[in-house]
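**Student:** The structure is given below, and queries will be raised subsequently.
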Amino acid sequence: MYLSASRTADASASVRRSTRLRGHVAGNVVALGSVSLVTDVSAEMVTAVLPLYLVVGLGMSPLAFGALDGLYQGATALFRLAGAHVADRTQRRKLVAGSGYALSAVTKLALLAAAAPWAVGAVLAADRAGKGLRTPPRDALISLSSPPEEQGRAFGVHRAMDTAGALLGPLAAFGVLWAAHDAYDAVFVVSCCTAALGVLLLVLFVQESRTPMSRPGIGPGTGPGTAPGTGRGPGAAEALRTLARTAGLPRLCLAAALLGLVTVSDSFLYLLLQRRLDLPVGYFPLLPVGTAAGFLLLAVPLGRLADRVGRRAVFLAGHLALLAAYLLLLLPQGGSVVPAVGLLLLLGAFYAATDGVLMAAAGPLLPGRLRASGLALVQTAQAAARFAGSLLFGAGWMYLGPDGAMASACAGLTVAVVAVTVMNRSALHGS
């Protein structure tokens, strides 16, 4: 018992020493950030041209695009949970994450052969399956590589590096389309090669973070989800029971789902903005650049702020920024690009205040041996809600028009923010 506790304390102290030596960020976090940077260049090259390719090139209706976009956002759910369970069960988080990165790389080439909408949908589902497999073990590696009080900073640094890739991806897509005379195939080929480089970086530089063996309840990173004296985590049923009893986790999942339901997909927002500004088709891939720039600038400062003032408060503030973006989109643009720039920067602030911050809020609640599974549960609740939200917004666009759908989204987001604020207050008062 004392030996186990000592090992856990030594491991925790080692993490703290490593973070201090690297400016409060563990080397593993930087390595994972580098992998995400390169991978996001690849992913955003495709994402930047996808709405225009599907709606203009293939002639999809808004409802069909909403369903496909919801699939793109929500198809990760089952694979996210399965990948997280395998990662926790085997403690091979790096291997599971690497498999997900490799699968997403292969799908970029598969887009070359996908011409019909159903084929594109199948390829996008496979790509999202890869994202689902890699995200929970990757975030678990970040969380386990950092002390509890530095979770916001660690996730902020990772998300900043990830967003640097999101900033470069649309620029790369724009450059490839310009050089290849609007040939989408060239974008898909370059995207695949870039994704393969990300897999190589993960294999060479990311280190596995194994949870120290200890008895339940002893030391950080342990708890009822730890299987004492074994090299394997608990089974699926036991893990689910443990997570359901984890204080604060069900409430956090509910908040993420409620707010996710009224979060309009970026793709819809960019399509609306393109219509309002009558933006030439060739410049459409540049719209995500403004969002990525705001995210990049604010990810680390807001992560540090979340560590100091409270992660849930910053998470809610991010949704107020999103609400401001919705309202700005409803205003007449008048031919000016200033409101458009403001909208893109508000979207960046929203992601900086919510993406990594949500994981930083969930991480310390979870036992170390179930870190990937717990994070996956929160992410899945949010992704499933966003899938439903994309379908609702697509239907609203068809039957209420774009302005009516956006007005409904504003009202829904306002109600959701108020509801989650009340939930947080009741939790603080112990009710």
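The values are calculated or read from the model by the stated rules, or taken from the named source; none is laboratory data. For clarity, every value in this text was computed on a predicted model and none was experimentally measured. As a convention, Cβ positions derive from the backbone with ideal geometry for all residues, glycine included, and neighbour counts pool all protein chains shown.
**Student:** Which of the residues that make up segment 81-109 are under 18 Å from Met45 (Cα atoms), surrounded by fewer than 18 Cβ atoms within 10 Å (Cβ to Cβ) and modelled with pLDDT of 85 or more?
**Tutor:** Matches in segment 81-109: Val106 only.
**Student:** Moving on to the next point. Kindly provide the set of residues from segment 83-105 that are assigned to a helix (DSSP H, G or I) and either more than 26 Å from Leu375 (Cα to Cα) or of a type in the set (D, E, K, R) (or both), ordered by number.
**Tutor:** Matches in segment 83-105: Asp88, Arg89, Arg93, Lys94.
**Student:** Considering only segment 114-162, how many residues are hydrophobic (A, V, I, L, M, F, W, C), part of a loop (DSSP other than H, G, I, E, B) and touching a helix residue (DSSP H, G or I) at 6+ places or on another chain (Cβ under 8 Å)?
**Tutor:** Number of matching residues: 1.
**Student:** Within the set of pairs 6+ apart or on separate chains, which have a first residue in segment 85-99 that is within 16 Å of Ala129 (Cα to Cα), a second that is among the hydroxyl-bearing types (Ser, Thr, Tyr), and C-beta atoms under 6 Å apart?
**Tutor:** The qualifying pairs are His85/Ser373.
**Student:** Considering only residues that are at pLDDT 90 or above, farther than 24 Å from Leu112 by Cβ and outside any loop (DSSP other than H, G, I, E, B), which ones fall in segment 163-214?
**Tutor:** If the condition is that a residue be at pLDDT 90 or above, farther than 24 Å from Leu112 by Cβ and outside any loop (DSSP other than H, G, I, E, B), then Leu201, Leu202, Val203, Leu204, Phe205 are the ones that fit.
**Student:** Taking the options Ala416, Ala388, Ala362, Ala349, name whichever one is in a helix (DSSP H, G or I) and under 24 Å from Phe284 (Cβ atoms).
**Tutor:** None of the others qualify; the one that does is Ala349.
**Student:** Follow-up question, since we're still on this one. Is there any pair with a first residue in segment 400-419 that is more than 15 Å from Leu327 (Cα to Cα) and a second that is modelled with pLDDT of 95 or more and among the basic types (Lys, Arg) whose Cβ atoms are under 6 Å apart and which are 6 or more apart or on different chains, and what are they?
**Tutor:** none
**Student:** What is the one condition in (1) within 22 Å of the chain's Cα centre (by Cα); (2) at pLDDT 90 or above; (3) not hydroxyl-bearing (Ser, Thr, Tyr) that Ala411 does not satisfy?
**Tutor:** Among (1) within 22 Å of the chain's Cα centre (by Cα); (2) at pLDDT 90 or above; (3) not hydroxyl-bearing (Ser, Thr, Tyr), the lone unmet condition for Ala411 is (1).
**Student:** Would you point out which residue out of Gly59, Gly70 is at pLDDT below 70 and in a loop (DSSP other than H, G, I, E, B)?
**Tutor:** Being at pLDDT below 70 and in a loop (DSSP other than H, G, I, E, B) holds for just one of Gly59, Gly70, which is Gly59.
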